[in-house]
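Here's the structure we're looking at; comments come further down.
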Amino acid sequence: DAGVIQSPRHEVTEMGQEVTLRCKPISGHNSLFWYRQTMMRGLELLIYFNNNVPIDDSGMPEDRFSAKMPNASFSTLKIQPSEPRDSAVYFCASSPGLGYGYTFGSGTRLTVV
Amino acid sequence: GNSVTQMEGPVTLSEEAFLTINCTYTATGYPSLFWYVQYPGEGLQLLLKATKADDKGSNKGFEATYRKETTSFHLEKGSVQVSDSAVYFCALTGNTGKLIFGQGTTLQVKP
């Protein structure tokens, strides 16, 4: 199994531009999670999906952030417009169900200048 | 709500020293408990887990026991190596399936 695949690994963009992060979960995992990691705030859960349906998006910081999961094998996290304070490492994770723990991708390091 | 509290780091040890990283939690019901490890520049990896009281999770020489009476899940290793240097996260999931993390503890092992 290739694990959870995220792309790109690194993204540098100018303030105001749209950014799209991508994630392919492990086949058969029915839950998908987006996290953001910064030095100041640690790991924050942004949103999670179960069977492609968004269950809890209370962690999404503001309307500039949106996430979709059009099918079981693909999810996107979009930031529009991006701001310097969005700079962070964004992780995607998937899980086969309760109690199993998550498998994380390698993350996307986003820098907004 | 559910929460996890870890001891603050960094923890600095010499090679072959004994390691303990404290973790306590607050949760309703019967959560599952986890330790994750993050090496520099990488994502988080599941280190070990325990799903019910008195269970002991173990992996790569690390151990942690689910203590319901003290709401704790402390991570231990008898003899650390330089390669164990990383950030360690304690976490729990409740009945919603959401993984709630502690703030992480940085471990530095010196030769």
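Charge tally around B:Gln81: other residues with Cβ under 14 Å, Lys/Arg +1 each, Asp/Glu -1 each, net 0.
Compute, for region A:1-111, the length of the dipole vector about the Cα centre, with Cβ point charges of +1 (Lys, Arg) and -1 (Asp, Glu) only. Units Debye, rounded to 20.
Taking the Cα centre of region A:1-111 as origin, the dipole is about 240 debye.
Mind listing the long-range amide H neighbours of A:Gly107? Cut-off is under 5 Å, sequence gap 5 or more, other chains count too, H placed in the peptide plane at 1.01 Å from N. Those lying under 5 Å, H to H, from A:Gly107 are A:Gln6, A:Cys92.
The charge dipole of region A:44-84, taken about the Cα centre with unit charges on the Cβ atoms of Lys, Arg (+1) and Asp, Glu (-1), comes to about 220 debye, rounded to the nearest 20. Taken about its Cα centre, the protein assembly as shown carries a charge dipole of about 280 debye when Lys and Arg each add +1 at the Cβ and Asp and Glu each add -1 at the Cβ.
Note on exposure: B:His74, A:His10, A:His29 ranked by accessible area (1.4 Å probe, complete protein assembly) read A:His10, B:His74, A:His29, with the most exposed listed first.
Here the protein assembly as shown yields Rg over Rh of 0.98, to two decimals, using C-alpha coordinates and the Kirkwood radius.
Here the mean projected area of the convex hull built on the C-alpha positions of chain A is 6.6 nm². In this calculation the C-beta distance from A:Glu83 to B:Lys52 is compared with R0 = 25 Å, giving a FRET efficiency of 0.05. Inter-chain Cβ neighbour count for B:38-46, averaged per residue, equals 5 (cutoff 10 Å, partner chain atoms only).
For chain A, the share of accessible area belonging to carbon and sulfur comes to 49 percent (1.4 Å probe, ligands and nucleic acids excluded).
Could you tell me which of the pairs A:Lys24/B:Lys49; B:Lys56/B:Lys98; A:Lys78/B:Lys56; B:Lys56/B:Lys110 are separated by over 30 angstrom between their Cα atoms in the structure shown?
A:Lys78/B:Lys56
A simple spin-label model places pseudo-atoms 7 Å from Cα toward Cβ; at A:Asn71 and B:Glu76 they are separated by 5.0 nm. Considering only A:Phe104, A:Pro70, A:Gly42, and ranking their Cα positions along the charge dipole of chain A that arises from unit charges at the beta-carbon of Lys, Arg, Asp and Glu, the one farthest toward the positive end is A:Phe104.
The values are calculated or read from the model by the stated rules, or taken from the named source; none is laboratory data. Not measured: the values here are computed from a predicted model. A quick note on method: Cβ atoms are made from the backbone with ideal geometry, for glycine too, and the neighbour counts reach across all protein chains shown. For accessibility, only protein heavy atoms count, side chains too; no ligands or nucleic acids. Shrake-Rupley method; radii C 1.70, N 1.55, O 1.52, S 1.80 Å.
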